[in-house]
Amino acid sequence: MARQLKNIAPHGGQLINRLASEAQKEVFYSKADHLPCVQLTERSLSDLELIAIGGFSPLTGFLGKADYESVVLNMRLANGLPWSIPITLPVTSELADSLNIGSLVRLNDPNGVFIGVLELSEKYKYDKLKEALHVYRTNEDRHPGVKVVYGQGDVYLAGDVWLLERRPHPLFPTYQIDPVDSRELFIQKGWRTIVGFQTRNPIHRAHEYIQKCALEIVDGLFLHPLVGATKSDDVPADVRMRCYEIMLEHYFPLDRVTLAINPAAMRYAGPREAIFHALIRKNYGCTHFIVGRDHAGVGDYYGTYDAQHIFYEFEDGELGIIPLMFEHAFYCKRTQGMATTKTSASLPEERVHLSGTKVREMLRRGECPPPEFSRPEVAAELAKTMHKMAIEEAATGFEI
């Protein structure tokens with residue numbers, strides 16, 4: 001008899017579900033007008049949603065002080081389980097002083113809509129400089145992640161959370177596949193091995209190359225672009241999603257790829273965020289995870305392959321997901337195909353590399369990157385959209 005298919009275990013062994021039941025919602029709504037309130041940022045809202053749907057398993061809420069300090073210093077929860085990014089709820093000291101331990105706190109989304117509840121178990125002050133240096137490896141506020149830490153409240157609230165409603169994503173409802181659903185989908189497809197791919201950038205030939213290399217050794221690809229908060233100069237999520245759709249239509253075997261959105265916000269924490277992204281994909285059911293050049297990096301804060309080296313700081317099997325590490329891919333003029341230094345004997349002048357900055361400049365002028373960098377259908381879509389945005393910026397005087 002054939003062996004029954006099953007998923008790998010979520011991080012910590014159990015897929016967390018913090019979606020409020022109908023009975024819980026009735027109680028929470030009846031108390032809503034009398035509860036103290038915290039308005040969430042876009043990042044905190046993403047964190048709340050990912051805790052609730054199990055994407056951040058084993059977390060059931062925002063970290064308490066013991067877990068927070070252990071994560072910042074050791075990349076582990078207080079019980080020793082690997083976890084590399086602190087998931088916290090910052091508020092001002094004044095607001096924290098008005099809240100009582102053991103009480104319920106109403107959580108509103110950035111538009112003021114009642115979206116969740118925090119069971120307040122702890123509130124504590126923290127060292128912003130220490131968090132910046134350990135998590136982001138810099139104390140410069142030019143770093144977008146550090147800038148967020150420096151600009152937020154001085155107190156963290158901790159406790160279990162409940163999400164009242166799992167609302168459809170306003171832009172990508174058909175691609176909103178939660179961990180419980182992706183795990184079932186992989187079983188339905190008969191996939192035993194699944195590789196996850198994280199990106200906040202439009203897909204290009206180097207991405208395509210490493211994805212297809214990975215597909216040679218696994219059953220399926222989980223293409224999982226991040227659509228939470230990003231830097232203002234990152235390409236907008238709707239544009240990136242159209243590019244993925246184009247690529248899947250023309251250049252991938254559809255029965256071996258699943259496209260879904262990752263609602264997380266970017267931290268730009270480089271190596272630590274690579275671990276974080278891998279654990280999230282483990283919770284979605286992936287057995288493997290692609291780690292490329294400067295994963296989740298920004299500027300020159302991290303070494304080119306630091307995000308790969310960090311995986312060796314954990315014991316074999318400890319993370320529960322297998323990293324697939326790739327060098328920087330390029331178009332090789334000598335072999336007339338995509339390659340890396342591991343597979344190509346080409347000289348540097350025979351390799352087509354384009355920086356993200358240079359590509360953005362071309363796109364804003366309405367120029368298409370060369371086919372060696374991007375598939376023509378994707379390049380045309382990007383050039384059209386980015387050029388339109390540049391024109392609108394020039395007309396309004398504001399960066400869009």
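The values are calculated or read from the model by the stated rules, or taken from the named source; none is laboratory data. Quantities reported herein were computed from a predicted structural model and do not represent experimental measurements. Every residue, glycine among them, receives a Cβ derived from its backbone with ideal geometry; neighbour counts consider all protein chains shown. Accessible surface areas use protein heavy atoms only, side chains included; no ligands, DNA or RNA. Shrake-Rupley method; radii C 1.70, N 1.55, O 1.52, S 1.80 Å.
Before moving on, here are some points about what is shown:
- Once divided by 2.2 N^0.38 Å, the Cα radius of gyration of the stretch 202-315 becomes 1.06.
- In the chain, the calculated helix contribution to ellipticity at 222 nm averages -10000 deg cm²/dmol per residue, counting -39,500 (n - 2.57) for every DSSP H run with n ≥ 4.
- Annotation: per residue accessible area for the chain equals 45 Å², rounded to a whole number [probe 1.4 Å, protein chains only].
- Packing order of peptides 361-369, 50-58, highest average first: 50-58, 361-369 (average count of other Cβ atoms within 10 Å over each peptide's residues).
- Helix 271-284 vs. the chain, principal-axis angle (Cα, 0 to 90°, nearest 10): 80 degrees
- Counting only DSSP beta bridges with both residues in the chain, the antiparallel share comes to about 60 percent.
- Percentage, to the nearest whole number, of Cα pairs in the chain over 29 Å apart: 46 percent
- Using the Cβ of Gly55 as centre and a radius below 13 Å, the other residues enclosed give a net charge of +1, where K and R count +1 and D and E count -1.
- Taking every DSSP beta bridge that has both ends in the stretch 271-357, the antiparallel portion is near 55%.
- Lysines with Cα under 28 Å of Lys388, excluding same-chain neighbours fewer than 8 positions away: Lys231, Lys358
- In degrees, nearest ten, helix 65-74 long axis to first principal axis of the chain (Cα): 30 degrees
- Charge dipole (Cα centre; +1 on Lys/Arg Cβ, -1 on Asp/Glu Cβ; no other charges) of the stretch 79-180 amounts to roughly 240 debye.
- Among Pro173, Ala264, Gln198 - extreme Cα towards positive end, dipole of the chain, charges at beta-carbon: Gln198
- Spatially proximal lysines relative to Lys189 (Cα-Cα < 21 Å; intrachain offsets below 8 disregarded): Lys6, Lys212, Lys282
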